[in-house]
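Below is one structure; the comments refer to it alone.
The values are calculated or read from the model by the stated rules, or taken from the named source; none is laboratory data. Because the structure is predicted, anything quoted here is derived from the model rather than measured. Don't worry about glycine lacking a Cβ; one is built from the backbone with ideal geometry, like all the others, and counts go over all protein chains shown. Remember, those area values only see protein heavy atoms, side chains included, never the ligands or the DNA or RNA. Shrake-Rupley method; radii C 1.70, N 1.55, O 1.52, S 1.80 Å.
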Amino acid sequence: MAGGLHFPSAPGRGGGRAARPGPAGPAGSMAAREAGGVVLGKSADKLFSLSGLFAVYKPKGPTSAGVLNLLKERLLAEAGVQTNGNKRNQVLKIGHGGTLDSAAAGVLVVGIGKGTKMLRTMLAGSKKYTAIGVLGKATDTLDATGKVTEEKPYDQVTKGDLENVLQKFTGDIMQVPPLYSALKKDGERLSTLMKRGEAVEAKPARPVRVYSLSLQHFQPPLFTLDVECGGGFYVRSLVSDIGKELSTCATMQELTRTKQGPFTLEEHALYEDKWTIDEIARSLEHCTSLLLAEPPHKKLKTEHPGETAVSCEDK
């Protein structure tokens with residue numbers, strides 16, 4: 001993603017309040033000096049001393065990887081690190097804890113420094129979403145980005161019908177992942193194979209966990225759900241399955257991740273104008289206490305460790 005790309009900011013900026021961390025230690029100073037083979041300033045020392053987890057806001061449109069790349073560009077530019085190409089990515093150790101679909105918005109947990117080793121707990125942990133579904137329409141991707149594959153009447157569906165159906169999708173359930181997904185076959189994403197027109201078989205149903213599921217609004221054909229789920233869960237598949245259970249069809253129109261682990265959209269997600277070394281340092285201090293207080297979610301024994309990374313994937 002180009003360094004000059006700008007994502008629109010939004011209200012509700014987070015980050016919390018906390019004391020600024022002290023001066024960078026020897027490890028940070030050495031890393032800064034090694035960046036490009038020159039001695040850099042205090043900003044670089046501080047950047048390379050950062051370690052832990054924080055959250056940023058991912059807007060609708062860019063991929064999670066694109067957001068992360070822009071974040072790296074901003075931080076390295078502020079620190080005065082002038083390396084080119086892939087070397088720039090190798091200089092700063094940073095990653096995210098669970099891909100969010102490019103058509104979705106919301107919380108994206110980021111690990112920096114030693115915090116990248118903590119991201120696995122984010123992948124399998126609890127996540128909350130607000131999803132808007134559309135009755136009477138199905139698409140090949142199970143969301144608004146795909147081609148319409150089916151249309152059915154939905155006038156018979158009442159609010160009570162929808163609320164009753166939700167009970168069937170709460171708790172430990174079996175779910176078939178969508179074909180357009182980041183799950184892989186022979187090392188390639190299923191979505192990539194689908195786009196090339198290759199025949200792809202659906203992955204078998206697998207166990208997933210839904211901690212809570214509630215109907216927030218119902219104005220046919222639209223309905224809004226609040227979902228709290230574990231790792232490996234697809235909200236798109238949930239919306240599609242709900243439509244089938246109601247003897248019609250449904251697709252997901254919008255998706256927002258409102259919480260991942262202890263990180264909430266309202267309180268902790270840093271918007272683009274807060275992507276600075278000092279703001280992230282403050283957020284890391286604040287988020288350390290959040291992680292210590294976070295109760296662990298029991299992981300399903302039958303979950304596939306290599307696939308829990310996918311909660312709502314880039315296509």
Hits in the stretch 230-239 (condition: crowded, with 24+ Cβ neighbours inside 10 Å and not in a loop (DSSP other than H, G, I, E, B))
235, 236, 238, 239
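Taking the stated definitions as given, is residue 116 closer than 24 Å to residue 50 by Cβ and among the polar types (S, T, N, Q)?
yes
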Can you name every residue in the stretch 145-188 that is assigned to a loop (DSSP other than H, G, I, E, B), modelled with pLDDT of 95 or more and open to solvent by less than 90 Å² (accessible area, probe 1.4 Å)?
152, 154, 157, 158, 170
Of (1) more than 25 Å from residue 235 (Cβ to Cβ); (2) not in a helix (DSSP H, G or I), residue 129 fails just (1)
Out of curiosity, is residue 191 open to solvent by less than 30 Å² (accessible area, probe 1.4 Å), part of a helix (DSSP H, G or I), at pLDDT below 95 and within 26 Å of residue 134 (Cα to Cα)?
yes
Does the stretch 125-135 hold any residues that are buried (at least 22 other Cβ atoms within 10 Å of the Cβ) and of a type in the set (A, V, I, L, M), and which are they?
131, 134, 135
The helices (runs of 4 or more DSSP H) lying wholly within the stretch 4-121 that contain at least 1 residues that are modelled with pLDDT under 60 and surrounded by 22 or more Cβ atoms within 10 Å (Cβ to Cβ) are 26-34
When the stretch 247-293 is examined, which residues are found to be under 30 Å from residue 162 (Cα atoms) and either touching a Cys at 6+ places or on another chain (Cβ under 6 Å) or surrounded by fewer than 20 Cβ atoms within 10 Å (Cβ to Cβ) (or both)?
247, 253, 254, 256, 258, 264, 266
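Kindly evaluate residue 247 against the criterion of being modelled with pLDDT of 95 or more and on the phi > 0 side of the Ramachandran plot.
Spelling it out, residue 247 is indeed modelled with pLDDT of 95 or more and on the phi > 0 side of the Ramachandran plot.
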